[in-house]
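Right, one structure below, let's go through it.
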Ligand code: ADP
Ligand code: MG
């Protein structure tokens, strides 16, 4: 069964007299352990689509389902449990706390769930080791490279073993070598832990690592890569 499924999803924003169809009739389903990339330029609806998948906003039309259950039909409590327990988020700008160690940063999400600091450290340490930061546990973000910071954020997102990882341009602040490493890591983690990864990006390197790629343009989803869109960044 699909982990995440979007059926004919529509989301618009009204600003004054203008209506923007940010997500326009999108259908998509992702299996457990599958790494799917949506490639689209700025303004194509990528972030909106992830917020819908995370249950952070409701669609104006269509349905978002997780494990066959419609998010819109969940109670407030079930919905917050979904967001807290099933979904991990990775952002372009990492969202790490300056001055806190890699270990504390990665433990943060667990602390919010009522875990003690010691328990949180114990759970998160293997994830930091897995992403290659076993020797960097006590370093604050300012002493980590951009690639390392993103790997701390990935460890944080996965620490409570969510079944869905949503990544919003996670390589947007990385050079191409670090981008490739982070993308390869996301792919490995998806396959190792049967986490479904939905990555949205305008980094064309994602094409090489994703199990499946779609193109998003003006809120419309198309299968595969739109060569015309991708060409400038591939050259
Ligand atoms: P992307 O992440 O691909 O850049 P977004 O999902 O942020 O795309 O935006 C898709 C479209 O919706 C854009 O045209 C954007 O200007 C518009 N948009 C996004 N958020 C809002 C908002 N809160 N209010 C009005 N328009 C918005
Ligand atoms: Mg965006």
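What follows is calculated from the coordinates using simple rules that are stated; it is not laboratory data. Note that the coordinates shown come from a computational prediction; the quantities given were computed from them, not determined experimentally. Virtual Cβ from ideal backbone geometry, glycine too; neighbours counted across all protein chains shown.
(1) under 19 Å from residue 168 (Cα atoms); (2) touching a helix residue (DSSP H, G or I) at 6+ places or on another chain (Cβ under 7 Å); (3) assigned to a loop (DSSP other than H, G, I, E, B): which one isn't true of residue 43, the others all being true?
(2)
If you go through the stretch 135-146 one residue at a time, do you hit one that is in contact (Cβ under 8 Å) with a residue 24 or more places away in the chain and buried (at least 22 other Cβ atoms within 10 Å of the Cβ)?
Within the stretch 135-146 (the criterion being in contact (Cβ under 8 Å) with a residue 24 or more places away in the chain and buried (at least 22 other Cβ atoms within 10 Å of the Cβ)), the answer is no, since none of the residues qualifies.
Restricting the search to the stretch 41-65, which residues are near ligand 1 (Cβ under 9 Å from one of its atoms) and more than 15 Å from the chain's Cα centre (by Cα)?
Selection gives 41, 42, 43, 44.
Can you tell me which residues in the stretch 120-134 are over 22 Å from the mean Cα position of the chain (by Cα) and either assigned to a helix (DSSP H, G or I) or in contact (Cβ under 8 Å) with a residue 24 or more places away in the chain (or both)?
Of everything in the stretch 120-134, those that are over 22 Å from the mean Cα position of the chain (by Cα) and either assigned to a helix (DSSP H, G or I) or in contact (Cβ under 8 Å) with a residue 24 or more places away in the chain (or both) turn out to be 121, 122.
Just for the stretch 14-40: of the residues that are in a strand (DSSP E or B) and touching a helix residue (DSSP H, G or I) at 6+ places or on another chain (Cβ under 8 Å), which one is farthest from ligand 1 (Cβ to nearest atom)?
Of everything passing the filter in the stretch 14-40, 35 is farthest from ligand 1 (Cβ to nearest atom).
For the stretch 38-46, check the following and say yes or no: at least one residue is away from ligand 2 (no atom under 16 Å from the Cβ) and under 28 Å from residue 185 (Cβ atoms).
No: zero hits.
Anything in the stretch 162-203 that is part of a loop (DSSP other than H, G, I, E, B) and surrounded by fewer than 18 Cβ atoms within 10 Å (Cβ to Cβ)? List them, or say none.
The answer is 172, 173, 175, 194.
Give me the pairs: first residue in the stretch 21-49 and in contact (Cβ under 8 Å) with a residue 12 or more places away in the chain and at positive phi, second residue more than 15 Å from ligand 2 (Cβ to nearest atom) and not in a strand (DSSP E or B), beta-carbon distance under 6 Å, and six or more apart or on different chains, which are they?
33/190; 33/191; 33/194
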